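The values are calculated or read from the model by the stated rules, or taken from the named source; none is laboratory data. What you see is a predicted model; the values in this text were computed from it and never measured. Note that we place each Cβ from the backbone using ideal geometry, even for glycine, and neighbour counts take in every protein chain shown. Calculation scope for accessible area: heavy atoms of the full protein, side chains included, ligands and nucleic acids excluded. Shrake-Rupley method; radii C 1.70, N 1.55, O 1.52, S 1.80 Å.
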Amino acid sequence: MNGQAATLGLSSENRRALLAKIGFLATDRNEWGQDGKYYINGLSTSLPFNVQMELVHSIPGLEQAVLLRPAYAVEYDFAPPTQMHPSLESRKVENLFLAGQINGTSGYEEAAAQGLIAGVNAALKARGAPPLIIQRHEAYIGVLIDDLVTKGTTEPYRMFTSRAEHRLLFNHGSAELRLFEHTKNYKLLSDSRLNRITTKQNQVAHWEQYLENTKSSGGSWADAVRRDKAAAALPAEFQTESKEVREEVLYRVTYRGYLERERRQIEKLKDVEKIKVPSSLDYLAIPGLRKESALKLHQLRPENLGQASRISGVNPADISILMVLIAAGLRDKKS
Ligand SMILES: Cc1cc2nc3c(=O)[nH]c(=O)nc-3n(C[C@H](O)[C@H](O)[C@H](O)COP(=O)(O)OP(=O)(O)OC[C@H]3O[C@@H](n4cnc5c(N)ncnc54)[C@H](O)[C@@H]3O)c2cc1C
């Protein structure tokens with residue numbers, strides 16, 4: 001769906017004042033220069049043009065707006081993403097891997113990210129190797145795929161940063177460091193790029209330690225950064241490091257407390273992610289499980305307890321029942 005382009009039929013000063021008042025982004029320079037045309041961001045619609053005109057004119061300040069182009073929508077069919085494994089292989093048709101808009105997403109990056117994972121996993125499946133699953137706490141790709149397969153989507157899914165509970169760890173400077181093990185294990189990058197990342201990793205680790213542990217005036221260098229990054233005079237050799245190394249080190253040092261808290265939370269959650277849910281489990285026959293939960297679990301068939309806990313409508317009491325059941329199953333197997 002797209003927004004509308006409109007001109008307001010007012011002097012530029014009044015136009016800006018009005019748009020600012022009603023919360024639209026109104027700057028001197030808009031997409032078309034200073035000619036009074038505005039892209040009405042956030043007003044998505046595909047209603048008939050005459051209805052769109054009424055809609056725009058009903059907004060205070062836009063009573064006299066002239067609509068230059070109608071908004072429009074593109075419709076497409078999609079395969080319910082809850083019918084996929086986290087590897088992006090269809091649960092319904094073995095060996096069929098799906099990526100992009102067909103999974104209910106919209107966007108270039110969303111499509112590319114899934115394409116990469118689906119492609120890698122198709123190749124791994126052909127070799128009989130286990131799939132590459134990027135976890136929610138590792139990267140936006142993990143959040144995207146986990147959301148799709150556990151929650152599904154009722155509108156074109158976009159990867160908003162706000163969907164990631166651990167987004168503080170997902171700064172772009174750390175992406176190649178965070179995903180290094182995967183890229184190395186699955187040979188997704190050239191050796192020269194992997195070597196460059198290893199060097200960056202070592203430099204970042206060295207400077208992080210150095211700034212944390214070396215005294216400067218009134219505490220460590222790192223304390224000075226946390227007090228006032230702009231004013232902190234850092235060691236001369238640090239200043240000669242590449243921009244990407246300096247930025248990553250300063251990010252880690254500045255937000256150290258918050259980043260550590262995130263990591264602690266992830267450690268706690270990891271345990272439930274590791275508990276596999278047997279694929280043969282008959283949710284509809286589990287005593288004590290609420291009907292809504294049983295139906296959702298039956299439909300979505302989570303692969304581990306972490307995934308089960310993120311399904312909307314499945315509450316902590318239901319997860320406790322599953323835990324007991326799985327533990328009992330494990331005990332039976334051992335005895
Ligand atoms: C007008 C418009 C503007 C957009 N603007 C943006 C934007 O600014 N930013 C953004 O992030 N996203 C934007 N999007 C969304 C984005 O383009 C799509 O979500 C994304 O390109 C989808 O990629 P995909 O690979 O899943 O599908 P597609 O790019 O649609 O690729 C599917 C391919 O499959 C081919 N195909 C279909 N059927 C068959 C068949 N039977 N056999 C063989 N091949 C077949 C098609 O020809 C096509 O090449 C926009 C979309 C539209 C329509």
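Kindly provide the set of residues from the stretch 124-145 that are open to solvent by 20 Å² or more (accessible area, probe 1.4 Å), more than 18 Å from Glu181 (Cα to Cα) and part of a helix (DSSP H, G or I), ordered by number.
Across the stretch 124-145, the qualifying residues are Lys125, Ala126, Arg127.
Here are some residues: Arg91, Arg136. Which one is under 15 Å from Gln307 (Cβ atoms), of a type outside the set (S, T, N, Q) and over 20 Å from the mean Cα position of the chain (by Cα)?
Just a single option satisfies the conditions, and that option is Arg91.
Can you find a residue that is within 14 Å of the ligand (Cβ to nearest atom) and at pLDDT below 95 anywhere in the stretch 134-145?
Checked against the condition, which is being within 14 Å of the ligand (Cβ to nearest atom) and at pLDDT below 95, the stretch 134-145 yields no hits at all.
Show the residue pairs meeting these rules: Cβ distance below 8 Å; 6+ apart or different chains; first residue within the stretch 100-127 and assigned by TED's automatic domain parsing to the domain that holds Asp146 and within 10 Å of the ligand (Cβ to nearest atom); second residue modelled with pLDDT of 95 or more and among the hydroxyl-bearing types (Ser, Thr, Tyr).
If the second residue must be modelled with pLDDT of 95 or more and among the hydroxyl-bearing types (Ser, Thr, Tyr), the pairs left are Ala111/Thr105; Gln114/Thr105.
Residue under question is Ser279, and the condition is that it be assigned by TED's automatic domain parsing to the domain that holds Ala308, closer than 28 Å to Glu138 by Cβ, out of contact with any helix residue (DSSP H, G or I) (no Cβ under 7 Å at 6 or more places or on another chain) and not charged (D, E, K, R); does it hold? Spell out the reasoning first.
Working: assigned by TED's automatic domain parsing to the domain that holds Ala308: yes; closer than 28 Å to Glu138 by Cβ: yes; out of contact with any helix residue (DSSP H, G or I) (no Cβ under 7 Å at 6 or more places or on another chain): yes; not charged (D, E, K, R): yes.
Yes; evaluated as a whole, the condition is true for this residue.
Can you find a residue that is out of contact with any His (no Cβ under 8 Å at 6 or more places or on another chain) and under 30 Å from Glu237 (Cα atoms) anywhere in the stretch 159-168?
Yes, that holds for at least one residue.
Could you say whether any residue in the stretch 153-172 is surrounded by 21 or more Cβ atoms within 10 Å (Cβ to Cβ) and more than 16 Å from the ligand (Cβ to nearest atom)?
no
Kindly list, by first and then second residue, each pair from a residue in the stretch 252-277 that is within 18 Å of Trp221 (Cα to Cα) to a residue that is β-branched (Val, Ile, Thr), limited to pairs with Cβ atoms under 7 Å and residues at least 6 apart or on different chains.
The qualifying pairs are Val253/Val225; Thr254/Val225.
Within the stretch 187-194, is even one residue assigned to a helix (DSSP H, G or I), farther than 20 Å from Ile117 by Cα and of a type in the set (S, T, N, Q)?
Among the residues of the stretch 187-194, at least one is assigned to a helix (DSSP H, G or I), farther than 20 Å from Ile117 by Cα and of a type in the set (S, T, N, Q), which makes the answer yes.
Of everything in the stretch 42-66, what is of a type in the set (A, V, I, L, M) and outside any helix (DSSP H, G or I)? Give them in sequence order.
Selection gives Leu43, Leu47, Ile59, Leu62, Ala65, Val66.
Let me confirm something: among Glu237, Glu292, Glu241, which residue is of a type in the set (Asp, Glu), over 24 Å from the mean Cα position of the chain (by Cα) and in a loop (DSSP other than H, G, I, E, B)?
Of Glu237, Glu292, Glu241, the one residue that is of a type in the set (Asp, Glu), over 24 Å from the mean Cα position of the chain (by Cα) and in a loop (DSSP other than H, G, I, E, B) is Glu241.
Please go through the stretch 67-99 and pick out each residue that is assigned to a strand (DSSP E or B) and either open to solvent by 60 Å² or more (accessible area, probe 1.4 Å) or more than 15 Å from the ligand (Cβ to nearest atom) (or both).
Once the filter is applied, which keeps residues that are assigned to a strand (DSSP E or B) and either open to solvent by 60 Å² or more (accessible area, probe 1.4 Å) or more than 15 Å from the ligand (Cβ to nearest atom) (or both), the stretch 67-99 yields Leu67, Leu68, Arg69, Glu89, Ser90.
For the stretch 100-123, what are the residues that are exposed (fewer than 14 other Cβ atoms within 10 Å of the Cβ) and not small (Gly, Ala, Ser)?
Within the stretch 100-123, Tyr108, Glu109 qualify.
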